[in-house]
Structures are given as C-alpha cells and as structure tokens.
C-alpha cells in the first residue's frame, strides 16, 4: 500500500476526498458536512481518515493509494467482525473492487478464513505451460545463430522461422515447442546472461520531457531521407545505407547501399521511391553538402529535386530528424541478423533483396495508417524519363585531341558509328553526367554523344573513387587500354 509520510512518530492522518466531477455545482455548505466519516487504522503508526460527500452527480476520484488483496481481505474481516463501520459501496470506492467482488470475498472469508481465501488454488503445482528441458535446449541452440540480437527480434525470428513455419512441424512435436511471450524470452536472456544491443532506460520523474512533434497528416507530404554507415555484413567493411521513410506512416519507401554516402546512392534511392510511389511534396534531410552548399548555392541534387517540384527542408541537428534517426538504429540492430537469416551474400544482392522483399517485411511490423487518407504523391506520366532528371550538367572546353576533362579524367566523344567526334579546340560543350547510369556524355549542337574515358588529367595525381561503381568503371577502362597496347 502506498502511504502518506507520517506527520509524527505515533500518528499519520490522511484525508481522502470523493468530490463531485462538476465542482462548481457543489455548494460550500456540503464541503463541511460529510454524510459519512470513516477512520481506518492500518497499523500502530498509520491511521487514515476518509470523508465521503453525497452527490447526485457522477464522482471523480484521484487514486492516491493502492491496496493489495491481503489488505482488502483485512478490511473485510474487520467489517465482518464489527470493528469497521463502512458500507460495501464506500469500500468499493476505496479498494477499486466492485461491490459484487467484495461480497463474494466476504463470503469466502466467512467459510474458509483469511489464509485459505488468500491461498491460490495452483500454489505448489507446476505451471501447465512450463517449458520442458528439450524446448529450452532447442531455443538455446537456435540462439547461437544470432549472437547479437534484441529480445524482440529474436522472438520474431523464432516465431516466424520455427513456430509458424510449416516445414518445422516435426520439430514442434519432437521438442514440444510452443509460442512464447516476450516475458518468457526476457527471463531466458537473464538466466543465460545473453546481452541485448538495446538497453531500455527507466524514465526518471524529474528528467525533462522531450515532446514529440505532430506527424505529417498525409502520406507523401514529407519524406525523410538519410545515410547511415555501418558494417552490415560484420566483415569490417562499412557501407552507407541511403534510406527514405514517410513521415506520416513510418513506411520505408526505398533503400540503397554504397561504399560511401554519395549523390549516386541518394539518386538511386529517389528513383526507386518515385517509380514505386510517385513524387513526394517535400523531402527532409540534414545539411550534408550533397543537399546544401556551404556557400548557400543550390547543389546538383537540389537542381534535380527542383526539376521534380520537390521542396527541400533541412534539419539543423540529428535530434531534429527524429524518425529517420530511430529507423537508422532499427536498421543497424535488425538488418545484420536478417542478412544472416536470409543468407544474403553481398551488397549487390542486398540492394535487390532489400527493395523487393525486406521493405514490405519491415513495413508490416512498423508502419501505420496516416491521419488523413488523402495521398500527396504525384504519379509519373508514362513517358517520363528519370535519367534526364538525375543528370548533372556542366560546361567544358575541348582541348587538343578532341578531348575534354571532367573530375580529373579525360574523355573523348564518339558517334553512333564509333568514330571520334571532331570538334575545334576551345569550343565550349555541355557535359552531362547521367547519375543513375553512372555515365558521362557530351551535348554539342543539340546532339548527345557517348564518351570514352582515356586517362587521368595528371599522370601522377591520385584518383579519388566515390563508390564501387566508379572503381569498377576505372578498372574496366584500364583493362581495355592495357589490352589495346598489346
């Protein structure tokens, strides 16, 4: 029982008021004339005084103490013995028991006494659903597949892959396996000293509260995007996961993994999002230089979003991102175990599997309906070419040898017949980097030409690679040049 702090060593008085819900309709004279006055002595040092006020109105009560079953039985025993003058109605208010429950408990006290009444009928008997040693051993061995996993995810995998998997029917019968609650797995974690990557901290009463902002009411109104680097395969190599999450529904729309956080990763992610859902009203990101230039100029990615009519909104801090930051944590905890579970071998396979299967799996667990069912996404027209949208445009001048330089490399344009396009030296041309294809092309007098990489701008200059596709392209071009020299 929660008790008020004693006012003196020998006595503690406590006033418990039942007041009308509409306080203004309760006259002052009533406040000083209680219809019932009950004093209950719980122990030598704790006595409580209860005042009950009559009212035809419904009453509102503040819960200031809690009685357990034994304390309720003690009160009923005193009532039955005549030591406590209180009605069942008032006792129901005090104990939070119904009047019928109190009468039934009183009858049991009369017939069996307090000890037998309080003794549970199953005391001393083994629980009917107690796990067998075979079942525990099976779960312990199954846990070895996932050494670093949260309790919730381990239970999810156990239920999905074992309990509700038709191909494991024989195991269910052989080891007496059953669906188990989260508390069952919590006890196992504690008993076997398994550690969870998530530690839930208890909330302190005096700690400041961080109020959650209201979510966007409609799907597609605001899509949060972010990149999180992590060792997803547990092999020491960190890749960045570019992700898009709907602010209104928690739906993950698309994800793409690359070696580093880069424009290609975000463009590929946006392509998947737009093809799947349509064009969102706005995207919400941090102030990475891909999205926001330190000088305040619009970035190449910003130009692409402008072409699509997508507004860009920036967060000042990671705390301001909220939802996507929490999803980053969820991805880092869950995805590595599911990579093991679904036998994903590399990042090329991961990119396909994540978008074709895993997104739906996660959304079934964590997504919810929006407040407003109106859809803010704008669908693409049938002939819309996203390759032209996700393109970076720059101007360059032709140098000797019909070449131009771009990002430290020399390129030569060629026509449909494979012939080098001859252009006068110092002529200004438009260079187009098609991000989704990861290709460089040249536009001259309204015609777009494919280009071939022929070398670096400075022989001794180090080559910087943005992602694994850049590296693959460079190796292929080096291989072609080497073969051509033999």
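The values are calculated or read from the model by the stated rules, or taken from the named source; none is laboratory data. If you're wondering where the values come from, they're calculated on a predicted model, not measured in any experiment. Because the Cβ atoms are built from the backbone with ideal geometry, glycine has one as well, and the counts that use them run over all protein chains shown.
Tabulated data
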quantity	calculated
Some residue of the range 99-107 being surrounded by fewer than 13 Cβ atoms within 10 Å (Cβ to Cβ), more than 44 Å from the chain's Cα centre (by Cα), in the same structural domain as residue 69 (by TED's automatic domain parsing) and at pLDDT below 80	no
Candidate set: the range 283-294, residues that are in contact with a strand residue (DSSP E or B) (Cβ under 8 Å, 6 or more places away or on another chain) and crowded, with 18+ Cβ neighbours inside 10 Å; chosen: the one farthest from residue 255 (Cα to Cα)	292
Flag if residue 89 is out of contact with any helix residue (DSSP H, G or I) (no Cβ under 9 Å at 6 or more places or on another chain), assigned to a helix (DSSP H, G or I), surrounded by fewer than 16 Cβ atoms within 10 Å (Cβ to Cβ) and modelled with pLDDT of 75 or more	no
Helices (runs of 4 or more DSSP H) (entirely within the range 300-363) containing at least 3 residues that are within 18 Å of residue 264 (Cβ to Cβ)	300-308, 347-353
Test set (1) crowded, with 16+ Cβ neighbours inside 10 Å; (2) out of contact with any helix residue (DSSP H, G or I) (no Cβ under 7 Å at 6 or more places or on another chain); (3) under 21 Å from residue 273 (Cβ atoms) - residue 392 fails condition number	(2)
Single unsatisfied condition, residue 238 versus (1) touching a residue at least 24 places away in the same chain (Cβ under 8 Å); (2) more than 20 Å from residue 352 (Cβ to Cβ)	(1)
Scan of the range 419-435 for residues that are within 13 Å of residue 300 (Cβ to Cβ) and in a loop (DSSP other than H, G, I, E, B), ordered by number	435
Per-region count, the range 160-197, residues closer than 19 Å to residue 335 by Cβ and either in a helix (DSSP H, G or I) or at pLDDT 95 or above (or both)	2
Top-ranked residue in the range 337-361 [being buried (at least 16 other Cβ atoms within 10 Å of the Cβ) and within 16 Å of residue 242 (Cα to Cα); ranked as farthest from the chain's Cα centre (by Cα)]	347
Residues within the range 198-227 that are more than 30 Å from residue 292 (Cβ to Cβ) and either modelled with pLDDT of 95 or more or in contact with a helix residue (DSSP H, G or I) (Cβ under 9 Å, 6 or more places away or on another chain) (or both), tallied	1
Every residue from the range 366-418 that is within 17 Å of residue 445 (Cα to Cα) and more than 40 Å from the chain's Cα centre (by Cα)	395, 396, 397, 398, 402, 403, 404, 412, 413, 414, 415, 416
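Every residue, every condition in (1) at pLDDT 95 or above; (2) surrounded by fewer than 13 Cβ atoms within 10 Å (Cβ to Cβ), yes or no:
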position	(1), (2)
372	no, no
383	no, yes
404	yes, no
407	no, no
413	yes, no
418	no, yes
422	no, yes
428	yes, yes
